[in-house]
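What follows is a short report on a single structure.
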Amino acid sequence: MIDLSRYIIHDLTHTFDDKIDGFTSEPARTIDKDGWNARTLKIYSHAGTHMDAPVHFGAGDFTIDQYTPAELMSKALIVDVEVNVAKFLIELDDISDQLSKFNDGESLIFRTGWGKKYDQPEYKFDLPRISDDLAHWCVDHRVKMLGVEPHSVADTQDLEEVTRIHHILLGGNVIIIEGLKNLEQIKSKEVFLMALPLKIANGDGAPARVVAFEDNK
């Protein structure tokens, strides 16, 4: 059995509420009328904290429901990125010293502080982005999962860029996790990452509950 007392467990997931674009909720049943409470949810497949599948950008036929649980958990290295301008492009040279600690086949989390801007206008439009050379590095080093705080790994206002970067990563079997939060709470540079999306048949992506296990010893 896993000894959970060994870890600080960090929830890296945004709560679905009226602040989340692409999410609505309304009463379906009530205690007074029906004897129980229930709600009807409408969720865009890439709303909030979510994961992408290759079919999302036509980078392959693989869908979100085809991932096994074992593919959605691994050791992860947290890479700190100083973002000092709008639409900051994260180049390989900016973080190469930190990547020297990465072991091929594990996962990466980029900590930019962007998650704290979630309620601010610049969150969606001025996000830090993954460069081509960094995306290719992730593929070459078999990054299992790549987690970021913005809602995308690339500029969603630039269709050519967002398509290209997703094609590189998803086409290279890198699982993308977008919309992380609470990364500033993690003190260690290494965690065990677990990201479990809703198992939606033929899904191009899905909201996910993402947690990081940090050794507390």
Original post:
Within the set of pairs 6+ apart or on separate chains, which have a first residue in region 193-212 that is more than 14 Å from Y44 (Cβ to Cβ) and among the acidic types (D, E), a second that is outside any loop (DSSP other than H, G, I, E, B) and at pLDDT 95 or above, and C-beta atoms under 8 Å apart?
Top reply: none
**OP:** Filter region 35-62 for residues that are of a type outside the set (A, V, I, L, M) and surrounded by fewer than 19 Cβ atoms within 10 Å (Cβ to Cβ) and give the result.
**Re:** G35, W36, N37, R39, T40, K42, Y44, G58, G60, D61, F62
Subject >> Filter result for L170 (surrounded by 19 or more Cβ atoms within 10 Å (Cβ to Cβ) and at pLDDT 95 or above) >> reply: yes
**OP:** Considering each residue of region 89-116, count those that are within 18 Å of the chain's Cα centre (by Cα) and within 20 Å of H151 (Cα to Cα), and give that number.
**Re:** 12
Original post:
Residues H46, H56, H14: which one is part of a loop (DSSP other than H, G, I, E, B), at pLDDT 95 or above and out of contact with any Ser or Thr (no Cβ under 6 Å at 6 or more places or on another chain)?
Top reply: H46
Subject >> Residue match in region 42-59 (condition: touching a residue at least 40 places away in the same chain (Cβ under 8 Å), farther than 16 Å from E178 by Cα and of a type in the set (S, T, N, Q)) >> reply: no
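Tell me, please, whether a residue that is over 30 Å from F16 (Cβ atoms), not in a strand (DSSP E or B) and not hydrophobic (A, V, I, L, M, F, W, C) can be found in region 143-151.
Within region 143-151, none of the residues are over 30 Å from F16 (Cβ atoms), not in a strand (DSSP E or B) and not hydrophobic (A, V, I, L, M, F, W, C).
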Original post:
Residues in region 101-116: is at least one part of a helix (DSSP H, G or I) and of a type in the set (F, W, Y)?
Top reply: yes
Subject >> region 15-32 - residue that is out of contact with any strand residue (DSSP E or B) (no Cβ under 9 Å at 6 or more places or on another chain) and either under 30 Å from N216 (Cβ atoms) or not hydrophobic (A, V, I, L, M, F, W, C) (or both) and, of those, surrounded by the fewest Cβ atoms within 10 Å (Cβ to Cβ) >> reply: D32
**OP:** Would you tally the residues in region 173-188 being assigned to a loop (DSSP other than H, G, I, E, B) and over 21 Å from R129 (Cα atoms)?
**Re:** 3
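The values are calculated or read from the model by the stated rules, or taken from the named source; none is laboratory data. The shown structure was predicted, so the numbers you read here are calculated from the model rather than taken from an experiment. Cβ: placed from backbone, ideal geometry, glycine included. Neighbour counts: every protein chain shown.
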